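Quick notes on the structure that follows.
The values are calculated or read from the model by the stated rules, or taken from the named source; none is laboratory data. Because the structure is predicted, anything quoted here is derived from the model rather than measured. Cβ placement follows ideal geometry from the backbone for every residue including glycine, while neighbour counts extend to all protein chains displayed.
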């Protein structure tokens with residue numbers, strides 16, 4: 001008896017990789033797709049010069065079975081709409097963190113959205129724990145759906161806490177933002193829509209000569225280390241689970257498209273956050289904050305060496321017990337966790353950017369053996385370093401796949 005050849009589903013993934021969130025979402029979808037046996041994935045990166053040509057080429061050769069859309073790019077949306085109207089594309093569409101208008105226009109089967117209430121709640125819990133009683137929010141007018149939801153969630157928490165609250169979306173002019181910040185009751189905890197906006201607030205505070213975090217504490221969102229670690233003080237940021245949300249969303253989307261009967265209305269699925277990474281913009285250097293700041297600076301400088309928690313305490317000239325108490329009170333995790341977090345960030349960068357062996361990367365990042373690296377990596381990311389590297393490679397390879405035929409006129 002002949003075995004029927006398994007039908008492969010052609011999945012077209014269209015993503016904006018310009019920010020950390022976009023890269024993480026794409027990574028999550030690719031990670032799921034690489035683990036299922038019948039997905040062949042074509043990735044189009046919005047912003048690349050040949051993106052539109054590649055999309056047209058894919059549809060000209062044979063339209064994809066299904067689409068994963070991780071962008072609000074207008075040309076892409078119009079193209080998909082046109083293909084749907086002409087019945088050139090009749091498959092399922094998964095959207096993630098796009099505008100409601102996009103969901104409606106392309107008849108999304110599954111819409112994945114970040115839980116804005118979780119972002120607001122996590123930010124406010126930290127600020128309240130730090131003793132703030134005045135709160136403000138700096139939004140982003142170009143993303144009104146998410147920005148307004150976070151603003152209202154923060155407003156509700158502030159009102160429940162009997163605290164003052166102010167908000168603005170007018171942050172593109174640093175001088176105006178500076179004047180607005182000077183008018184806030186102080187000390188004030190300011191939550192921002194994303195990390196770039198947090199940098200704008202930090203610049204405005206500098207212009208207004210407002211002390212951060214003494215007078216104004218700042219929290220961003222996305223935990224883009226390239227932005228958060230490159231300022232003085234460094235920026236505290238909420239870390240949404242973009243990658244995990246995309247992975248779980250892709251798994252749910254797979255179930256939907258396997259039924260061969262798409263839902264009449266878009267199914268909504270939400271995802272939450274991983275954690276909040278506290279840095280200098282909310283750690284008051286008075287009291288225990290100075291000790292924690294000194295310790296984290298030492299860890300960042302020496303994480304590639306086989307340092308231990310005792311070495312950090314020795315450098316700070318305090319007992320390990322006192323150091324652990326300060327870390328738990330201010331960062332909500334221990335000294336060992338901080339060392340591992342810094343090392344794993346370095347490991348991910350080397351896995352992505354070098355061809356060094358896992359063993360060599362482990363040694364260079366401060367792990368004493370490949371086994372210890374794999375154990376910590378799997379506990380944190382639920383996958384092995386080699387599997388993570390392979391998924392990153394597959395994603396880059398898909399992005400670099402050349403266009404085979406010229407764009408349609």
Subject >> segment 99-127, residues that are touching a strand residue (DSSP E or B) at 6+ places or on another chain (Cβ under 8 Å), free of Cβ contacts under 8 Å to residues at least 60 places away in the same chain and in the same structural domain as residue 223 (by TED's automatic domain parsing) >> reply: none
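Does residue 347 qualify as being surrounded by fewer than 20 Cβ atoms within 10 Å (Cβ to Cβ), free of Cβ contacts under 8 Å to residues at least 60 places away in the same chain and under 23 Å from the mean Cα position of the chain (by Cα)?
The answer is no for residue 347.
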Original post:
What is the residue count in segment 250-261 for residues that are over 27 Å from the mean Cα position of the chain (by Cα) and either buried (at least 19 other Cβ atoms within 10 Å of the Cβ) or part of a helix (DSSP H, G or I) (or both)?
Top reply: 1
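Applying the selection to segment 211-249, what residues are under 17 Å from residue 182 (Cα atoms) and either at pLDDT 95 or above or assigned to a strand (DSSP E or B) (or both)?
Passing the criteria: 216, 217, 218.
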**OP:** Mind listing whichever residues of segment 350-389 are closer than 21 Å to residue 226 by Cβ and out of contact with any helix residue (DSSP H, G or I) (no Cβ under 9 Å at 6 or more places or on another chain)?
**Re:** 353
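Filter segment 181-199 down to the residues that are assigned to a strand (DSSP E or B) and farther than 13 Å from residue 168 by Cα, then identify the one that is farthest from the chain's Cα centre (by Cα).
Among residues in segment 181-199 that are assigned to a strand (DSSP E or B) and farther than 13 Å from residue 168 by Cα, the one farthest from the chain's Cα centre (by Cα) is 188.
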Original post:
Could we say that residue 229 is in the same structural domain as residue 123 (by TED's automatic domain parsing), on the phi < 0 side of the Ramachandran plot and either touching a residue at least 60 places away in the same chain (Cβ under 8 Å) or surrounded by fewer than 24 Cβ atoms within 10 Å (Cβ to Cβ) (or both) here?
Top reply: yes
Original post:
If only one of 42, 81 is in the same structural domain as residue 260 (by TED's automatic domain parsing), over 23 Å from residue 114 (Cα atoms) and touching a residue at least 60 places away in the same chain (Cβ under 8 Å), which one is it?
Top reply: 42
**OP:** For segment 143-150, state whether one or more residues are under 17 Å from residue 190 (Cα atoms), assigned by TED's automatic domain parsing to the domain that holds residue 182, touching a strand residue (DSSP E or B) at 6+ places or on another chain (Cβ under 6 Å) and buried (at least 16 other Cβ atoms within 10 Å of the Cβ).
**Re:** no
